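Enquirer: My structure is below; once you've seen it, I'll send some questions.
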Amino acid sequence: MKNHIVLYEPVIPANTGNIARTAAGTNTTLHLIEPLGFSTEDKMLKRSGLDYWSDVDIRYHASLEDFMTYLNHRPLYLITKFAPQVYSDANLKDNEAGEQFFMFGKETTGLPIELMEQYKEYCLRIPMDDTHVRSLNLSNTVNIVLFEALRQQNFESLEQVHQYRDTPKSRELNW
């Protein structure tokens with residue numbers, strides 16, 4: 001199963017950098033829908049994902065319409081606090097397409113209402129107490145949803161047991 005993270009018009013470079021690091025570590029494709037609120041040369045973005053940026057499969061889309069054309073009816077989940085379905089209740093294990101896309105909204109305004117209405121049966125939320133915070137951090141939200149999908153997929157193609165590498169730090173471990 002191939003997972004894809006889609007960021008709709010992200011505005012905070014550090015979030016995108018952190019998400020790029022997660023994408024590199026999980027063999028996940030990262031899609032960025034423009035306009036972006038920063039340059040991909042931004043030092044905050046590079047600081048967050050610098051060592052991993054070249055290892056990420058990144059796809060840029062000029063607009064939401066361009067992304068939807070690229071998607072071509074493959075499974076798309078929208079992550080929004082307005083969804084009735086909790087992310088962990090969704091079957092993220094497999095589907096006929098062999099891949100799935102998880103779209104996350106702009107940090108300041110979320111996803112377009114029209115898109116959420118069009119995909120309402122594929123909208124997922126993370127339970128939270130929104131009386132104290134408006135939303136969770138975008139990179140944390142991506143990790144929660146992506147790792148639930150990976151857990152349901154038995155962490156396919158990911159390291160199940162860490163392979164020992166002889167390093168100064170590993171030599172200090174007593175187990």
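Enquirer: Going by alpha carbons, how many degrees (0 to 90, nearest 10) lie between the helix axis of 13-26 and the longest principal axis of the chain?
Expert: That works out to roughly 60 degrees.
Enquirer: Here is a further query. At a Förster distance of 45 Å, what's the computed FRET efficiency of L136 paired with R165, Cβ-Cβ distance as r, to 0.05?
Expert: For R0 = 45 Å, the calculated efficiency reads 0.85.
Enquirer: Compute the length gained on full extension between M128 and Y52: take 0.36 nm times their separation in residues and subtract their Cα-Cα distance, giving the result in nm to one decimal.
Expert: 24.3 nm
Enquirer: Then there is this: If you average the sequence gap of Cα pairs under 8 Å that are 6 or more apart and divide by the length of the range 2-173, what percent do you get for the contact order?
Expert: Once divided by the residue count of the range 2-173, the mean separation gives 26 percent.
Enquirer: Here's another thing I want to ask about it. Would you mind telling me the antiparallel percentage of the DSSP bridges in the range 2-173, rounded to 5?
Expert: Taking every DSSP beta bridge within the range 2-173, about 5 percent pair in antiparallel fashion.
Enquirer: Let me ask something additional. Using a 1.4 Å probe on the protein heavy atoms, what percent of the accessible area of the range 2-173 belongs to carbon and sulfur?
Expert: Solvent-exposed carbon and sulfur of the range 2-173 make up 50 percent of the total.
Enquirer: Follow-up. Angle check, please: helix 138-152 long axis (alpha carbons) against the longest principal axis of the chain (alpha carbons), in degrees 0 to 90, nearest 10.
Expert: Between the helix axis and the principal axis of the chain, the angle is about 80 degrees.
Enquirer: Right, here's the next one. Give me the one-decimal nm value for the distance between modelled label points at D66 and Q118, 7 Å along each residue's Cα-to-Cβ direction.
Expert: The two pseudo-label positions are separated by 1.7 nm.
Enquirer: Tell me what the chain gives for mean residue ellipticity at 222 nm when only DSSP H runs of n ≥ 4 count, each as -39,500 (n - 2.57), the sum divided by the residue total, rounded to 500 deg cm²/dmol.
Expert: That calculation yields -9000 deg cm²/dmol at 222 nm.
Enquirer: Rolling a 1.4 angstrom probe over the protein chains, ignoring ligands and nucleic acids, what is the accessible area of M68 in square angstrom, nearest 10?
Expert: Surface accessible to solvent at M68 totals approximately 50 Å².
Enquirer: Also, quick follow-up: Within the set of other residues whose C-beta is less than 14 Å from the C-beta of N154, count the net charge using Lys and Arg as +1 and Asp and Glu as -1.
Expert: Net local charge, N154 excluded: -2.
Enquirer: Using the crude model of +1 on Lys and Arg Cβ and -1 on Asp and Glu Cβ, and no other charge, please compute the dipole size for the chain relative to its Cα centre, in debye to 20.
Expert: Using Cβ point charges on Lys, Arg, Asp and Glu, the chain gives about 480 debye.
Enquirer: Follow-up. Ranking request for peptides 124-136, 95-107: highest mean number of other beta-carbon atoms within 10 Å first, then the rest in descending order.
Expert: So the order, starting with the most tightly packed, is 95-107, 124-136.
The values are calculated or read from the model by the stated rules, or taken from the named source; none is laboratory data. These figures come from a predicted structure and were not determined experimentally. A quick note on method: Cβ atoms are made from the backbone with ideal geometry, for glycine too, and the neighbour counts reach across all protein chains shown. Keep in mind that these areas ignore ligands, DNA and RNA; they rest on the heavy atoms of the full protein, side chains included. Shrake-Rupley method; radii C 1.70, N 1.55, O 1.52, S 1.80 Å.
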